[in-house]
1. Out of all the residues in the stretch 92-145, which are over 18 Å from the mean Cα position of the chain (by Cα) and acidic (Asp, Glu)?
2. Which helices (runs of 4 or more DSSP H) sit wholly inside the stretch 1-93 and have at least 2 residues that are of a type in the set (S, T, N, Q)?
3. Any residue at all in the stretch 101-123 that's touching a strand residue (DSSP E or B) at 6+ places or on another chain (Cβ under 8 Å), at pLDDT 95 or above and at positive phi?
4. Check Ile73 against each of (1) exposed (fewer than 14 other Cβ atoms within 10 Å of the Cβ); (2) under 13 Å from the mean Cα position of the chain (by Cα); (3) not basic (Lys, Arg) and name the one condition it does not meet.
5. What number of residues within the stretch 173-191 are within 23 Å of Ala268 (Cβ to Cβ) and either buried (at least 21 other Cβ atoms within 10 Å of the Cβ) or aliphatic (A, V, I, L, M) (or both)?
6. Which pairs turn up if I take residues in the stretch 8-28 that are touching a residue at least 60 places away in the same chain (Cβ under 8 Å) and look for partners that are of a type in the set (D, E, K, R) with beta carbon separation below 7 Å, at least 6 apart in sequence or on another chain?
7. Considering only residues that are small (Gly, Ala, Ser) and under 15 Å from the mean Cα position of the chain (by Cα), look in the stretch 274-308 and name the one that is surrounded by the most Cβ atoms within 10 Å (Cβ to Cβ).
8. Within the stretch 205-308, which strands (runs of 3 or more DSSP E) (wholly inside it) include 1 or more residues that are of a type outside the set (Val, Ile, Thr) and farther than 30 Å from Asp129 by Cα?
Amino acid sequence: MKLATVQNKSNSRSLGIVYDNFFIDLNKVSNFQIPSDINLFLNNFDKNYLLAKQLLLNDHKIPLSDLEILSPIPKPNSLRDAYAFRQHVKVGRENRGLEMIPEYDQFPVFYYCNHNSVMGPGEILIEKDQLIKLDFELEIAAIIGKKGKNIKVNEADNYIAGYTIMNDLSARKLQMEEMKLNLGPAKGKDFSTIIGPYIVTKDELSDHLINTNNGAKYDMTMKAYLNGELISEDNFKNITWTFSQIVSRISQGVEIYPGDVIGSGTCATGCLLELNLVNSTNIWLKDKDEIKLEVEGLGCLINNIKAI
């Protein structure tokens, strides 16, 4: 099932299912039994999911072309980003003149992002300071669908409702300045995190599933295109820390909640910073650029940069 949040021409928002380029408004076709807000949907995910599945072939369909697709979860309950692909970490440390840190293999790490700066497909407004060495980051995000605490790795997949594509936009000039203080990214990261176009539930990804002792991995190709040119390619199965391990770590001593969003961190070659280092180039996102992130099974997340 592909869950989407859309806006119609009268600026009214709806939650529904995307099916064959059509949209089914779950609130309307369920006779208001299913909420019109994704956060409320996730708060009772199991019940709402089963009811929504029964409505999948409903005749009341709206062409997607008549609607604006927003972030599937416009305001997450919280937003975290992990550091789960080894190559990206290694290259990033090399950029700062550092060797690969051995502690990376001890436990998955993450930082908090600004959940008030989440955006979806379409035009992204970027201010002057953010545009200096502006970068994309190709990631996958897990959407939490159940409350829990101190979750074991072998149980953590049960707390994930589905997955979506995530583009953690990064102002590298700001980030490089502040990272010298060893407190983590802040102004270089807090202005825009892009999520979309859909939340794809786990059952829809079963053909890609790889079961491991540390939880689920998925054989799904990840690609990035800049102005139509393929510049990055990796596979979700190459993740070092599984989402099961990441969710388990996050939940130690604290509650996770429905509507929490957790990014994987950038995949190998999944940003211009890494590509510039490997290819000895100096390419960054600029005004009017189109960045398209494509993940097998999850769709395409397309954005256009607009300087303001």
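The values are calculated or read from the model by the stated rules, or taken from the named source; none is laboratory data. All values reported here derive from a predicted model rather than from experimental measurement. Because the Cβ atoms are built from the backbone with ideal geometry, glycine has one as well, and the counts that use them run over all protein chains shown.
1. Answer for the stretch 92-145, where residues must be over 18 Å from the mean Cα position of the chain (by Cα) and acidic (Asp, Glu): Glu94, Glu99, Glu103, Asp105, Glu127, Asp129.
2. The qualifying helices (runs of 4 or more DSSP H) are 38-43, 45-54.
3. So far as the stretch 101-123 goes, yes, one or more of its residues are touching a strand residue (DSSP E or B) at 6+ places or on another chain (Cβ under 8 Å), at pLDDT 95 or above and at positive phi.
4. For Ile73, the exception is condition (1).
5. Residues that pass the stated criteria total 4.
6. Here the result reads Val18/Lys2, each pair linking the stretch 8-28 to a residue that is of a type in the set (D, E, K, R).
7. Looking at the filtered set, the residue picked out is Gly299.
8. Result: 209-212, 215-218, 229-235, 299-307.
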